[in-house]
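These notes are about the structure you will find just below.
Derivation of every value follows stated rules applied to the coordinates shown; laboratory data play no part. Computed from a prediction, not measured in an experiment: that's the story for all the values here. Here Cβ is always computed from backbone atoms with ideal geometry, including for glycine, and neighbour counts include all displayed protein chains.
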């Protein structure tokens with residue numbers, strides 16, 4: 001195999017912690033006050049992959065949201081600096097709710113701090129990709145699927161005896177008088193997948209890309225942090241010296257990390273609880289991840305197949321919805337960048353029906369759909385669907401511009417992903 | 001889980017599992033045993049989970065005034081995480097306040113007034129039916145009066161009360177208790193919405209409020225031809241409850257054969273609520289169902305239908321692999337023990 005056609009991988013990391021955190025606050029969970037700082041650094045990671053002379057990038061980030069405008073800028077800049085097809089830059093995030101800053105107030109200083117923070121994020125993606133391309137080296141890959149034996153991500157909807165669901169994040173569900181507590185409103189998140197890269201013939205990997213459905217959402221502390229995914233990455237890198245850990249979330253719409261609540265009162269105790277909880281969950285996660293890292297079965301794919309699909313331009317007038325799907329196939333492995341707020345049942349559907357034996361799903365890629373359950377989830381109610389779709393089909397048709405998903409959205413997205421995967425296979 | 005059934009439930013309050021705690025409290029409340037007051041007070045004071053609201057309501061159901069001094073401070077100091085943007089902590093505080101009202105104490109009135117003035121879903125939706133069921137005592141009457149068809153359904157643009165099927169099902173239940181013409185009109189509308197759980201509750205509430213010929217026709221049509229088992233079961237139950245007992249046959253069939261186990265459990269629950277022993281065989285058959293929630297509903301239904309010799313049939317539930325089934329079985333046997341041990 002020629003040097004240009006040889007299978008190669010390179011990885012790089014950039015710090016994307018906000019430079020002026022005290023003028024900002026993380027988005028999500030309704031923070032009321034500016035942050036007091038950064039508990040642990042936020043990161044973006046990039047894995048450059050060359051196969052059959054083709055170049056692609058998969059990225060991961062400690063972000064809650066990656067805006068489509070950023071995705072477009074990142075793709076163009078990475079393409080310009082590496083010669084890669086811009087469509088082959090796969091974006092993802094962990095949907096970490098202690099990141100993705102917004103201005104803490106309306107002051108010019110806060111707005112400037114936000115601009116600087118966002119610039120750092122975008123540049124972080126671009127620079128990590130470019131550095132990853134610059135560090136390409138001969139490599140081989142393997143994948144593994146493992147089951148978590150102890151709770152990490154749990155279903156955050158709880159069913160009541162009238163059939164509806166309530167949320168069970170934080171300190172658990174509310175059970176109104178007269179109702180029986182039925183049980184979880186869906187499956188927990190106990191499956192994770194990992195793509196491992198190592199130098200040819202090496203014992204230890206130099207990169208791991210973890211795919212795990214969750215909603216990092218421990219609590220709304222006024223701090224920036226990588227939360228549970230950040231703790232997993234740090235722990236993996238501590239336990240496997242020289243390795244870069246990446247993690248993406250996907251299909252985390254109905255999954256939270258509430259298995260270690262309740263939380264204490266008062267900020268100092270809550271900060272300690274937060275740190276301890278993230279470490280505990282990371283310990284549970286890595287306890288099952290590390291033995292799952294393959295020792296054999298590595299391959300060096302000789303070609304790369306790729307497909308990009310988006311609803312840009314295809315939505316009806318006024319629609320704010322957007323679906324972006326971006327998939328790369330390497331031998332038996334499919335890497336799929338997709339919307340992030342699907343319910344976990346839909347990821348299970350994709351895994352079950354995919355023509356690829358190994359599927360590394362990565363969400364939060366700039367798509368806008370809101371939460372995407374199966375149709376019954378809309379009927380059960382709760383936070384994710386509390387503002388729609390409408391209660392009647394007629395009302396839905398009269399409001400086509402909602403960002404929120406429709407009854408058929410989950411079926412459409414999973415069908416499109418599977419269609420793409422069948423073509424790539 | 002052997003031995004004294006009441007102890008099984010009391011011990012459940014100390015479980016590490018917040019749902020086991022909460023279900024134990026709920027079942028102790030149903031039993032109404034004064035002996036459970038102190039453990040329930042300890043539970044609501046200790047637990048930091050939002051599901052402990054069931055403990056306050058259990059104390060209200062037991063009805064011992066000595067619980068009042070323990071509940072009163074918890075309206076403002078509930079010892080749980082304040083998820084101010086959501087309704088978990090608010091519901092714990094409301095549970096304490098509403099329970100005080102049930103005990104004829106107005107120690108939580110200020111907080112409930114605050115919630116009601118804000119149009120909060122905690123007051124109107126999650127606790128609306130409970131408030132409407134409160135006894136006719138002076139502190140409770142004023143709050144019952146605030147829950148009207150207008151206050152339930154006229155909400156601000158930002159409210160999700162009528163778009164979230166979870167809160168809307170509670171509104172439908174409350175409308176059935178308000179039971180005026182406007183409530184019935186709204187319930188007829190809700191009987192046609194997309195969520196089967198709202199349609200089902202609307203059917204039950206509509207006939208509970210006004211079992212007129214027209215309304216019965218609407219609900220009977222749902223029982224016959226709704227697209228979902230759940231609504232057909234609920235509607236059949238509503239019509240049967242209104243006097244047309246022949247509709248129970250469809251519920252019996254659903255209990256045995258519904259594809260969705262939650263629907264099967266709903267059918268078993270409905271057979272229990274209808275009372276009588278006509279469907280005892282079906283209910284007993286469901287004691288062996290693969291789904292624990294169906295087994296729980298079957299034990300509860302046996303309790304309700306007052307069948308002559310159910311002890312043997314339910315006994316297996318005390319060793320069930322599912323802890324919530326064991327609790328339900330304990331509640332069944334505790335009812336017998338409680339008479340002697342209060």
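So what is the calculated 222 nm ellipticity per residue for chain B, using -39500 (n - 2.57) for each DSSP H run with n of 4 or more, over all residues, to the nearest 500 deg cm²/dmol?
It lands at -19500 deg cm²/dmol.
Ordered by packing density, taken as the mean number of other Cβ atoms within 10 Å over each peptide's residues, highest first, how do B:66-77, B:286-297 rank?
B:286-297, B:66-77
What does the C-alpha gyration tensor say about the overall shape of the protein assembly as shown? Classify as rounded when a/c is under 1.5, otherwise prolate if a/b is larger than b/c, or oblate.
prolate
Sketch the reach of a paramagnetic label on residue A:315 as a point 7 Å from Cα along Cα-to-Cβ, and name the residues of region A:349-380 whose backbone nitrogen lies under 17 Å away.
Those under the cut-off are A:364-373.
Using 1/(1 + (r/R0)^6) with R0 = 25 angstrom and r between the beta carbons of residue B:322 and residue A:353, what's the FRET efficiency to the nearest 0.05?
Step by step, r from the Cβ atoms, then E = 0.20.
Quick one: if the Förster radius is 51 Å, what FRET efficiency do residue A:76 and residue B:117 give, using the C-beta to C-beta distance and rounding to 0.05?
With a Förster radius of 51 Å, E is 0.45.
Can you compute the helix-only [θ] at 222 nm over chain A? Use -39500 (n - 2.57) per DSSP H run of at least 4 residues, normalise by all residues, nearest 500 deg cm²/dmol.
-9000 deg cm²/dmol
On a 0 to 90 degree scale, rounded to 10, what angle separates helix A:68-82 from the longest Cα axis of chain A?
The angle comes out at about 10 degrees.
Full extension from residue B:66 to residue B:246: what is 0.36 nm times the residue separation minus their Cα-Cα distance, to one decimal in nm?
Answer, rounded to one decimal: 60.2 nm.
Using Cα atoms only, what is the angle between the long axis of helix A:108-134 and the major principal axis of chain A, expressed in degrees (0 to 90) to the nearest 10?
The two axes meet at around 40 degrees.
Can you pull the one-decimal nm distance between simple spin-label points at residue B:311 and residue B:256, each 7 Å off the Cα toward Cβ?
Result: 2.9 nm between the two label points.
In nanometres, what is the gap between the two model label sites at residue A:22 and residue B:38, each 7 Å from Cα along Cα-to-Cβ?
5.3
Against the longest principal axis of chain A, how steep is helix A:344-353, in degrees 0 to 90 to the nearest 10, with axes from Cα atoms?
40
With a ≥ b ≥ c the root eigenvalues of the C-alpha gyration tensor of chain B, is it rounded (a/c under 1.5), prolate (a/b larger than b/c) or oblate?
oblate
May I ask you to compute the full-extension gain from residue A:202 to residue A:109, defined as 0.36 nm times their residue separation minus their alpha-carbon distance, rounded to one decimal in nm?
That pair, residue A:202 and residue A:109, stretches by 28.5 nm at full extension.
Apply 1/(1 + (r/R0)^6) to the Cβ-Cβ distance of residue A:425 and residue B:189, taking R0 = 60 Å, and write down the FRET efficiency to the nearest 0.05.
My answer for the efficiency is 0.75.
Under 13 Å from the 7 Å Cα→Cβ point of residue B:150, by amide nitrogen: which residues of region B:115-136?
none
Rg(Cα) of region A:196-309 divided by 2.2 N^0.38 Å?
After normalising by residue count via 2.2 N^0.38 Å, the value is 1.27.
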